[in-house]
Every structure is written in C-alpha cells, then in structure tokens.
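*Asks:* One structure, as structure tokens, below. Some questions next.
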Amino acid sequence: GGFALASSHAATLAGRVDVASNRAADGGAVCNMHGDPATLECLGVAEEPNLFLMHFDQSTGTPDVTVRDNTATAGGGAFFAGCKKHPDPQFTSFGGMVGISGNTAAYGTVYAGSAEEVVVRHGPELPYTPDDVGHYRPGDLFKTSLQLVDSFGNQILNTDASGTPVPPPYTVRADLRDPAAPAGDAPIFTSLFKFGADGKCNLLDTPFQLIFPTTPGPGGVLTFKDDLVLYHTIVEPVNGVQLPAVEVPITRLPCSINQAFSQTLKECVDCFPSQYIINRDGACQDCPPNGGACNSSHLPP
C-alpha cells in the first residue's frame, strides 16, 4: 500500500498529500502494524496517539490530504489496523483534514482491522432472531450461523491474490453441554464445522440434530434435561489470539401441533390422521376402536 507503519514514530503529513491508486492485501493506503509483540495491542506514539499514526504538521497551515482509489484485496481499502484494541476506532482525530473516496476492499472499504471476535449472525434469511436463536424442539437441526468481525464491525472476508473469495482458514467446534455436569464429562454432542467462502460458518447447512437427554419417570413420563448450552469455539488461534467461545443457552420447545415426541428417534414426529395427542412430550395415541374420530391432533368429544 501507500504506508506501512511499524515504528515508534508517526508519519508526518504537511501541505498537500495525495495517497492514491495503491494496492495491498490489507490497507490499500495505510497499514498500521505498530503493536505490542506480547499482546498484539496497538501502540501509540508521542507525536500522535491515533490509530493510524498520522501526524498532521500544521506549522505552515492546515494539511490538505486525500486518500483515494486505493485497493485492498482483503481488508481496509483506505486504512487497516494489524494490531488490536486500537484507541480510536472511528478515527475522529482526522477531523476535516482528510478527504477519503473511491477506495475498495473485500471488507471495510475505508477502515478495517484484524479479526477480533466471533459472533452469532442474525438476518432476515435466517430461521431465528436474537431472542429465539437458542429455541429448539427435540430433533431440530442445529441452526446457528457465525462470522468473524473486526473492531469496526466489519465481517471478515478472505480472498486469494486475484481477489477471489476463499474461506477463512478456521474451524468451529460446536459442543452441546450440561453446565451442571461434572468437569471432564464428555459433551452431549460435539462436531467440527468449517467457514465458507462467504465468511460464514453455517451449522444450519449440516444434518446434525439437537437431541435432548431424557430420563424416564413414574408411569413412563419423561423428564427432559433442560438448561443446556451450545458452545461455539474457534479451534485455531486467530491472529495469534485464542478467541472466547460463543455461548448460546438452549431452551426446549414442545413439539409442534400434530406432533409428539418419539422415544425411539428422540425427536418430534408427525402423528397419523388416525391418532391423537394427549401430551406433546409423550407419544401419539391411536384412535379408540369404538368409532372415535381423530385428526392427528385431538380426539373430538
């Protein structure tokens, strides 16, 4: 790109400066790599404490700086932070001294940084909202979708040298656990999932079902194990840091109308038209042979 900054001194800009038509993997115009080697946290400098280490020398008047038409094949068409926890994520210290236009990138056309967090994705095309992402009926497919984001809120996208989208090189381990179980107990369910070229890890694209453990009680009544938690963990370190797991508390929903719980399959199943339901956590009941009328839901009087 235009500037790669990794020293203990800022880049001093005075007069007219035009940072234009540069190209890089990250940070088409400016890439800040000045971080603590131990923590990877961004470091400021004496001349200017802002994120991108730009010092505006106003001794001869207000600088006139343009940052335009730069390209990053990955993040930050204009500016990229290769360090973490930067102090000025909106770069307010630029004030009115910089004109920014026409920059492009796979993500973050103006500002971008390294991946700092894995989050549960939400959107109109997904079968859940932030309020019901953890709501499952027995046998429902796992449905969470994850993405990596930087401190600017950009979704991380990976590309190859030609700019073609490629999957982020990370693996998600999903573990369904009982938080009350003794330490060291195996999870109820565990499996590994990969990210796609769209930068998302979609558990809902897989055939895995959420199975609630059950315990038989008096009269054959089942007790379901509630208060489960689904943990999503990035297995590999991301930019040298192990990201904390995303925890989704699981709430069990009763089987839908016209369905009942199958102890054999451990999932909700449709009842036949010749059956009815007393308890959706129980089994489908056959219609009485004495002329009763059933409709897979109830037994009319």
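The values are calculated or read from the model by the stated rules, or taken from the named source; none is laboratory data. All of these numbers come straight from a predicted model, not from anything done at the bench. Neighbour counts run over all protein chains shown; Cβ positions are idealised from the backbone, glycine included. Quick note on the areas: whole protein, heavy atoms, side chains included, nothing else; ligands and nucleic acids left out. Shrake-Rupley method; radii C 1.70, N 1.55, O 1.52, S 1.80 Å.
*Asks:* Just checking, does region 263-273 include any residue being free of Cβ contacts under 8 Å to residues at least 12 places away in the same chain and either under 19 Å from T214 (Cα atoms) or within 33 Å of the chain's Cα centre (by Cα) (or both)?
*Replies:* From region 263-273, those free of Cβ contacts under 8 Å to residues at least 12 places away in the same chain are 264; that's our starting set.
Those still in the list that are either under 19 Å from T214 (Cα atoms) or within 33 Å of the chain's Cα centre (by Cα) (or both) too: 264.
So far as region 263-273 goes, yes, one or more of its residues are free of Cβ contacts under 8 Å to residues at least 12 places away in the same chain and either under 19 Å from T214 (Cα atoms) or within 33 Å of the chain's Cα centre (by Cα) (or both).
*Asks:* In region 62-76, how many are over 11 Å from N103 (Cβ atoms) and out of contact with any strand residue (DSSP E or B) (no Cβ under 6 Å at 6 or more places or on another chain)?
*Replies:* 1
*Asks:* Got at least one residue in region 85-108 being open to solvent by 30 Å² or more (accessible area, probe 1.4 Å), of a type in the set (G, A, S), at pLDDT 90 or above and not in a strand (DSSP E or B)?
*Replies:* yes
*Asks:* Which condition number in (1) aliphatic (A, V, I, L, M); (2) touching a strand residue (DSSP E or B) at 6+ places or on another chain (Cβ under 7 Å); (3) part of a loop (DSSP other than H, G, I, E, B) is the one that A181 fails?
*Replies:* Only one criterion is unmet by A181, namely (2).
*Asks:* For the subset of region 244-260 comprising residues that are open to solvent by 50 Å² or more (accessible area, probe 1.4 Å) and at pLDDT 95 or above, which member is nearest to E117 (Cα to Cα)?
*Replies:* Just the residues of region 244-260 that are open to solvent by 50 Å² or more (accessible area, probe 1.4 Å), to begin with: 244, 247, 249, 251-252, 254, 257-258.
This time we only want the ones that are at pLDDT 95 or above, so: 247, 249.
Working: E247: 13, P249: 19 Å.
It comes out as E247.
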